[in-house]
Structure formats: structure tokens, C-alpha cells
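Below you'll find the structure, written out as C-alpha cells, and then a few comments.
The values are calculated or read from the model by the stated rules, or taken from the named source; none is laboratory data. This one's a predicted model, so the numbers in the text were calculated from it and none came from an experiment. A quick note on method: Cβ atoms are made from the backbone with ideal geometry, for glycine too, and the neighbour counts reach across all protein chains shown.
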Amino acid sequence: MKITFNNSRNLISKSYGLIVAAFFGAIALFSCEDFVDIDPPRTEVTSETVFTTDATVLSAISGIYSQMITNRSFTNAEIEQYTGLASDELLNFNTFSLDDGEFFTNNLNPDNGIVFGSFWEQAYNYIWNANEILEQLENASSITDFTKNQISGEALFVRAFCHFYLVNLFGEIPIVTTTDFQRNKVLSRSSINLVYEQIISDLLEAQSLMTDDFSFANDERVRPNKGAATALLARVYLYQEDWINAEAQATALINLSSTYSLETDLNQVFTPNNTEAIWQLKPATPSGFVLQAQKFVLTSRPSEVSLADDFYNAFETGDNRQSDWVGMLMDDGDTFYYPFKYKFPDGNLVEYSTLFRLGEQYLIRAEAHARQNKLASAIADLDIIRHRAGLPLIAQTNPSISQIDLLDAILKERRFELFVEWGHRWFDLRRFGQAGTVLSAIPLKDWQSTDILFPIPISELEVNPNLLPQNNGY
């Protein structure tokens, strides 16, 4: 059994808003025999049917990750595709989807199906599922303490992860920390600061509960551990301009050299369980594939997206990321570039979807150092990334670089190290105050300063007036 969301917009508009979307997401998780092998009624979730043994709890949390890598969702290549279109990374070739075109031209409408289905609905589905696990574990007496702690930490992490993307895409959002229908159906939007407080609280608790290693996941990096919570905390503190804590969290990961280290070969960075990976999603079946490869690798003229020519041409001469992470297709005299971080769209299971990796942590610490005017330390971290890319070191070419110029260099390095990964470029343009300058200069874009946030889906506003007002500009 698998519940799909092809008609979710109509379902939500006739019901109770985001909590109903989340409820049906929970049914998809907990009632499917693919995830939990149970016989009781398929429309209810009870501790007796799901949380009687360690194995059933493990199946429940694994079900969330299975959904993340199989659903049409922001977690399954769509954050890369659509923020890439909205920023300066990708060009749009999809002439059949008005929704795709709205991202590319920065003319999103509140009834955009991708905004609702892939971003808003799916994020709250995962949050509801995580909350259900947390609530059931509170009274699950037959679960071992180790499993209860680890799975509780993972559920808290998933909740924080989804709230993080929601608040960065939509601004003020409802904070959902319960499955209580009566409470959730009247939720209003919380301030960005309150959302971040909840995210940080969840991540700190997750850190205290989860293990440092991956023994609980058969030594595969396919479920979050303490390192994943630390990685997201470092990013959260960076976005909150808490430079001291961003530096501390990134340093904690970088110092775990026995577990995490940069891959020297760029072509190994997205392979399963490599030393740079902090958290990956594994395709659900042995014959599965990573959707980033299928979406982005070109074998013929693009029908959806390609890399922007300006992006390709902006690489420094000799940057190995251009040769190793960018592909080129020539067709009838035209040249198209495409992301080639994930290389196998043909069904060969040789890559996992990488959500967090150590390369980002060096860039987080470099920026945190630079913001505190610790320029030598910032240069040292930045040069680690540049060295792997085969580029001249700033410590040798410009050791007296100013703080302003160094921050510009960090933003540039983030652009080429993290391109088409998890919305980094879209969020960085906003954080550095450069969205208007960069995006208003791109032909076909109709940039307004209010475009930096997505609209709250109109179907949600119609059934829950507490979510008003709509974001400015929509």
C-alpha cells in the first residue's frame, strides 16, 4: 500500500489544512507493510501495533527516510532543482509546466503546486511522523533504552531539519510539535526567532541522545547520528549570526578526524559512506537510483534544466570542480552544461544522496572566523577547500586580504563547492544581501525583493485563517 499525493490540493482545501496533510502522510508511513510489518487497522497508529519491539521502532524511523528518498519532495532533488531555478544556478527548459517557469522567473503564485506539494506538505508530513514517533516512544516500555534514545534523537533531528527548510523558504511558519489535532488545526505562524529557538532546542536534545558512530545503522551513514545534529546546528548558528557557536559546532565535527575527513578525490564525495559524508539517504531498493543524477545528468538536449552558462564561465581557471562536477553536452552546435556531482542516472546504485558533508563545515567555520575578524583562521579553512579544488591558496596569493574581500571570497567558494546542493546558493544570496543585485541582472527574471520568500500555499490560507497574513508580494 502506498498513498500518493496527486490530489492533495483538493484534499487539503476540503479539510483542515496542514494537519490533515500531515495525518495522511502518517498513514502512508505507518500503515504500509513496506515500512512496518503489522496487521491491525490501516487507518490508525497505535503503540500496540508499531512500538512493541525495537525492530518496529526502527522500521518506523526508516519509513521516514524511505519517504524522503522516494516521494516527490524537497528532500528528493527538488530543493536543488527549484531553488536552483529561482537563483542563478539553473536554466529552465520545461515548457510543459507553468509551475517550473514561475520559479525561474521569480513569479511564484500562491497556488503553485510544487510550493504546496513538494515543500510545504511534505515537510509537515515528515514533522508529523517524527512527532508520532516521539509521542509513542514516551510510553513504549518494551523498547530498550539505547533504541529509545537513538530513535528519539533522530525524530527530533528530522523535526528540526524540516522546520529549518520551512522557515528559510517561507519565513514565519507554524511550529508543529504534537500530533494533537485540536491544537494543530488552529496553529498560527510563529516568528522566525521562535522557529529557530525550537530548531536549536530540538538539535541540542538530539545531540545528547544520539551516538557518535554509525553502528546503529550497520555502519552506513544513512541515518542521522550526533554528527548530523552538530552539522545542522553549525548551519543554524551561522544563519542566526551566532558566529561563536557556529565556529564551535563546526570545529567539533572537523576535529572528529577518525570519523570524518575530506575526500581527496572529488569524484568520491557522493559515493556511499565516504569519509566526508555526515548524513546520506540511500535509495529504497537495490535497483534504485539517486534522483539528482536522473534529473540533472544530460544524455540529450535538456527537457527540464541545465546549468547556467554564466555559472560555468565563472569558475576560476584550473578549478577541478569544473572538470569533475560539471558535465557538457554538445547537440547540433549547441553546448549545454549540467551538474555532474551525481553521475549515474541509469539505475546503478553507486551513489547515495548526500545531505550533509564535511566540506560545508569548513566553509561554515571559515565564515564564522571571518565574521569575528579571525582572518588567518578563516583563510586556513578556506584554503583547505581551495587546495582540494586545485586552486592557488589565498595564504600565498593574498595573505593581507581584507575582511570584506575575504567574506566575498567565502561566498564565491560556497557557490562553487556547494552548487546545486540543498538550496545553499538561494539561501546564501539572501544571507549575504546579494539576492537583488545578482538576480535582477538576469534576463527573463522579474525580481522583486519580496521574492526571496515563497508564498504560503493558498489552499492552506483558505482553510486556516490563522496562517494569515500572506507573505508580502503575493
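Looking at 285, 271, 275, just one residue is free of Cβ contacts under 8 Å to residues at least 12 places away in the same chain, assigned to a loop (DSSP other than H, G, I, E, B) and either out of contact with any Pro (no Cβ under 7 Å at 6 or more places or on another chain) or not acidic (Asp, Glu) (or both), and that residue is 285.
Of the residues 156, 134, which single one is within 17 Å of the chain's Cα centre (by Cα) and closer than 17 Å to residue 64 by Cα?
The unique qualifying residue is 156.
Could you tell me how many of the residues in segment 311-327 are over 26 Å from residue 272 (Cβ atoms) and either out of contact with any Asp or Glu (no Cβ under 7 Å at 6 or more places or on another chain) or among the aliphatic types (A, V, I, L, M) (or both)? So the answer is 7. Condition check: under 21 Å from residue 415 (Cβ atoms), touching a residue at least 24 places away in the same chain (Cβ under 8 Å) and either in contact with a helix residue (DSSP H, G or I) (Cβ under 6 Å, 6 or more places away or on another chain) or surrounded by 17 or more Cβ atoms within 10 Å (Cβ to Cβ) (or both). Does residue 338 satisfy that? So residue 338 fits the description; yes.
Filtered by the rule that a residue be without any contact (Cβ under 8 Å) to a residue 40 or more places away in the chain and either under 25 Å from residue 127 (Cα atoms) or not hydrophobic (A, V, I, L, M, F, W, C) (or both), segment 85-99 gives 95, 97, 99. One residue is enough: does segment 130-142 have a residue meeting the conditions without any contact (Cβ under 8 Å) to a residue 40 or more places away in the chain and buried (at least 22 other Cβ atoms within 10 Å of the Cβ)? The answer is no, given that none of the residues of segment 130-142 is without any contact (Cβ under 8 Å) to a residue 40 or more places away in the chain and buried (at least 22 other Cβ atoms within 10 Å of the Cβ). Put simply, of 151, 192 the only residue that is aliphatic (A, V, I, L, M), touching a helix residue (DSSP H, G or I) at 6+ places or on another chain (Cβ under 7 Å), over 25 Å from residue 245 (Cβ atoms) and modelled with pLDDT of 95 or more is 151. Residues in segment 376-390 that are farther than 19 Å from residue 325 by Cβ and surrounded by fewer than 18 Cβ atoms within 10 Å (Cβ to Cβ) were compared, and the one that is farthest from the chain's Cα centre (by Cα) is 376. Restricting attention to segment 394-434, the residues that are more than 30 Å from residue 290 (Cα to Cα), buried (at least 19 other Cβ atoms within 10 Å of the Cβ) and either assigned by TED's automatic domain parsing to the domain that holds residue 340 or among the aromatic types (Phe, Trp, Tyr) (or both) add up to 0. Anything in segment 219-236 that is in contact (Cβ under 8 Å) with a residue 40 or more places away in the chain and not in a loop (DSSP other than H, G, I, E, B)? List them, or say none. Within segment 219-236, 226, 227, 228, 229, 231, 232, 234, 235, 236 qualify. Scanning segment 143-165 for residues that are crowded, with 24+ Cβ neighbours inside 10 Å and among the hydrophobic types (A, V, I, L, M, F, W, C) yields 151, 155, 156, 157, 158, 160, 161, 162. Note on segment 391-415: residues that are assigned to a loop (DSSP other than H, G, I, E, B), among the hydrophobic types (A, V, I, L, M, F, W, C) and under 21 Å from residue 325 (Cβ atoms) total 2.
Residue 301 meets the conditions (1) part of a loop (DSSP other than H, G, I, E, B); (2) of a type in the set (Lys, Arg); (3) surrounded by 18 or more Cβ atoms within 10 Å (Cβ to Cβ) in every case but one. The failed one is (3). Looking at the structure I just gave you, is residue 78 on the phi < 0 side of the Ramachandran plot, surrounded by fewer than 23 Cβ atoms within 10 Å (Cβ to Cβ) and acidic (Asp, Glu)? So residue 78 passes the test. Of the numbered criteria (1) of a type outside the set (Ser, Thr, Tyr); (2) surrounded by 17 or more Cβ atoms within 10 Å (Cβ to Cβ); (3) at pLDDT below 95; (4) under 30 Å from residue 188 (Cβ atoms), the one residue 57 fails is (4). With respect to the conditions (1) over 18 Å from residue 246 (Cα atoms); (2) buried (at least 17 other Cβ atoms within 10 Å of the Cβ), residue 369 lacks only one, and its number is (1). Considering (1) over 22 Å from residue 426 (Cβ atoms); (2) crowded, with 16+ Cβ neighbours inside 10 Å; (3) touching a residue at least 60 places away in the same chain (Cβ under 8 Å), the lone condition that residue 202 does not fulfil carries the number (3). Restricting attention to segment 205-242 and to residues that are small (Gly, Ala, Ser) and surrounded by fewer than 17 Cβ atoms within 10 Å (Cβ to Cβ), the residue that is nearest to residue 278 (Cα to Cα) turns out to be 215. A Cβ distance below 6 Å, combined with a sequence gap of six or more or placement on separate chains, defines the contacts here; from segment 66-84, residues that are under 22 Å from residue 101 (Cα atoms) reach residues that are crowded, with 22+ Cβ neighbours inside 10 Å and aromatic (Phe, Trp, Tyr) in the pairs 74/119; 82/103; 83/426. Within segment 204-218, being in a helix (DSSP H, G or I) and either of a type in the set (Asp, Glu) or touching a Phe, Trp or Tyr at 6+ places or on another chain (Cβ under 7 Å) (or both) holds for 205, 206. Within segment 101-129, the set of residues being surrounded by fewer than 20 Cβ atoms within 10 Å (Cβ to Cβ) and in contact (Cβ under 8 Å) with a residue 40 or more places away in the chain comprises 105, 107, 109, 110, 111, 113.
Selection over segment 408-434 of residues that are of a type in the set (Val, Ile, Thr) and over 21 Å from residue 265 (Cα atoms) gives a count of 1.
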